[in-house]
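Take a look at the structure below.
The values are calculated or read from the model by the stated rules, or taken from the named source; none is laboratory data. Treat the numbers as computed from the prediction; the structure is a model and nothing was measured. No Cβ is skipped: glycine too gets one built from the backbone with ideal geometry, and neighbour counts run over all protein chains shown.
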Amino acid sequence: MNKWRIIGLGVLVLILIGITACNPLGEGEEVQRQVKVIRSDLYISVSGSGNIEASEEAKITFGTSGRLAVINVAKGDIVVRGELVAKLETDALELAETQAEVALTQAEVSLTGAEVILVQAQLAQKTAEYTLKNTRDTEDALELTLFNAQIATRSAEHHVGETQDIYTWPDIETAQRDVDNAKAFLQYALDSGLPELTVTYARARLTAVEAILEAKIYAYDTEEVAIAKLQLEAVKMAEAQARKNVAELVEDIAIQELQIEAAKDSVGQARQSLELAKQSVALARQSLTQAQKNLAKATITAPFDGVITAVNVEQGDTITTAMTIADMMDPSRMELIIELDEIDVPMVKVGQEVIISLDALPDSEFAGVVSAIFPVPKEVGGVVLYDIEVTLNVPEDSGIRIGMSASADIVLDKRTDVLLIPYRAINEDEEGNTFVNVVIDEEPQERPVTLGVSDGFDTEVISGLTEGEMVIETRFVR
C-alpha cells in the first residue's frame, strides 16, 4: 500500500545503491546521465488510497410523535445550523407547558407561604423562650419578695410583742401597790375624820394610781399597739400576696413551657410543610422542563450547515420517532479512510498534513489532515493493516463528490527550499564517506557531500554542492 518507503537518512540508500552497482552479478546495463542540482521542497511521506465519504451527515428525526404541521425544506436545499426543518402540531404540547408553568407558580407561592409560616413558628418559639426566661427571672425576684415579706412579718410580730410588753410585771406590781396604798389612805381619811380636802385628795390620788395601773395592765390597747398591729396585718397581707404571686408564677412557667413545646411542634410541622413545598416546586419544575422538552422535540432544526439530500415525509403525515424526516450532509467537509500497513502506522500522528489526489481530478491536489488512527487492525492477504481517517475541507466548485477514488500522501517530514539531488547520484568510498561526481569542464570530479533526509528518490544536500551544478546519476537499464 506504500507509495514511497522511507529510508531514514540518505546514507542508508547510498549503501544499498553502492552494493548493487558493484555487484558483478547485477543485471542490466549501467547508464549515466548528468542531472542538475536544484532547489526545491522535499516531502517524506507514506500513502494509501480509499474513497471519499461524507465527514458529517445526519438522519433527521423527531423526538416525539404527532401530526406533521410544517416541512420547511426540500431535497437539495442548503441549510444553516439552527434553521427550521420541520415542525409537528403543538397545541396540546403548548397547553401542557402552560399548565406546567401555572403549577410551578402555584408551588412556588406555596413554598413562599411555607417559608413564612416557618419563620412565624420560629419567631413564636423564640418569643415563648424569651418570655419563659423573663418569667423565670421574675420568679427569682418574687421569691426574694416573699422572703422579704416573711422577714417583715416576723419583724412586725416581734414589734407587736414588744409594744404589748412595754410595762413589765414589776412596774404593774408597783402600780398595784400604789393603788392599794391609795385605797388604804382614803379609807384611813374616811375612818379618821380627816378634813374633806384631804379626803378629796385621797380620792383623786386613788383615781390617778388606778388609771396608771389600768394603763400598765392594758397597754396593748394603746395607739402604739394599734399601729403595730396594723403594720403586722399589712406585712401579713404582703406575704400572702407574695405567696400567691409565686404560686401563680409557677403556673405561668408551666404554661409557658407547654407553649414552648407547642411552638417547637409547630416549627417541626412548618419544616415538614416547607420540605413538602420544596419537593412540590422541584416536581413542578421537572414537569415544566419535561413539557418544554416535549415541545422542543416537536421542532427540528438543522444540526449543522449543510445540504438536504432527501426528504421522506409530507405535511399532514402522522410521524413517529422511528421515522427519518430528512437526510442531510455537510459537503464542505469530507473524509477519506485509507489503509496503512503496520510498518508505517507508528510514524503517523493525528494532525499531520495530508496531500490528496483524486483519480477523477488528476490535475488537482487537495489539503487534508489526519483526524483519527483506528486502533484495531485488520489482516488482508497476510498483511496487517490499520485504517487512517483523513479529513479534508472541500473548496466550492472543487468537483469532489462522495464515492470518488482518492490517494493520500501523509507528510511525515518536509524540507522547504533545500538543495536536492537524485539518490542515484550518491556514491560511497571504501571508508564509508559519501561523495558525488560533479561535472566540471566536461570532466567528472569527486566531491564529498553532507546529506540530509531522503524520500528514496531525491536527497537533501546540506553542504558540498551549489544550485545549478551538474552531477552524474547512474541508472541500470535492462
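Computed values, structure above
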{"read-out": "Residue in region 336-347 that is of a type outside the set (A, V, I, L, M), surrounded by fewer than 16 Cβ atoms within 10 Å (Cβ to Cβ) and either in contact with a Ser or Thr (Cβ under 7 Å, 6 or more places away or on another chain) or under 30 Å from Ala54 (Cβ atoms) (or both) present", "value": "yes"}
{"read-out": "Test: residue in region 272-291 that is charged (D, E, K, R) and surrounded by 17 or more Cβ atoms within 10 Å (Cβ to Cβ)", "value": "no"}
{"read-out": "Close pairs from region 306-329: first on the phi > 0 side of the Ramachandran plot and among the small types (Gly, Ala, Ser), partner loosely packed, with under 14 Cβ neighbours inside 10 Å and in a strand (DSSP E or B), Cβ under 7 Å, at least 6 apart", "value": "Gly316/Arg67"}
{"read-out": "Among (1) out of contact with any helix residue (DSSP H, G or I) (no Cβ under 8 Å at 6 or more places or on another chain); (2) modelled with pLDDT under 90; (3) of a type outside the set (A, V, I, L, M), the one test that Glu335 misses", "value": "(2)"}
{"read-out": "Number of the exception - Ala141 against (1) over 30 Å from Ala238 (Cβ atoms); (2) modelled with pLDDT under 90; (3) exposed (fewer than 15 other Cβ atoms within 10 Å of the Cβ)", "value": "(1)"}
{"read-out": "Answer residue from region 407-445, given it is in a strand (DSSP E or B) and among the basic types (Lys, Arg) and is nearest to Val35 (Cα to Cα) among those", "value": "Arg415"}
{"read-out": "Enumeration of residues in region 235-252 that are of a type in the set (Gly, Ala, Ser) and either under 60 Å from the mean Cα position of the chain (by Cα) or modelled with pLDDT of 75 or more (or both)", "value": "Ala240, Ala247"}
{"read-out": "In region 326-371, the residues that are within 12 Å of Val411 (Cα to Cα), of a type in the set (D, E, K, R) and assigned to a strand (DSSP E or B)", "value": "Glu353"}
{"read-out": "Residues located in region 55-82, provided they are part of a loop (DSSP other than H, G, I, E, B) and exposed (fewer than 14 other Cβ atoms within 10 Å of the Cβ)", "value": "Gly63, Ala74, Lys75, Gly76, Val80, Arg81, Gly82"}
{"read-out": "The lone exception for Ile44 - which of (1) crowded, with 18+ Cβ neighbours inside 10 Å; (2) at pLDDT 90 or above; (3) closer than 30 Å to Arg475 by Cβ it fails", "value": "(2)"}
{"read-out": "Failed condition for Ile462, given (1) surrounded by fewer than 19 Cβ atoms within 10 Å (Cβ to Cβ); (2) more than 30 Å from Val345 (Cα to Cα); (3) at pLDDT 90 or above", "value": "(2)"}
{"read-out": "Hits in region 446-459 - residues which are assigned to a loop (DSSP other than H, G, I, E, B) and either at pLDDT 90 or above or surrounded by 16 or more Cβ atoms within 10 Å (Cβ to Cβ) (or both)", "value": "Val449, Asp455"}
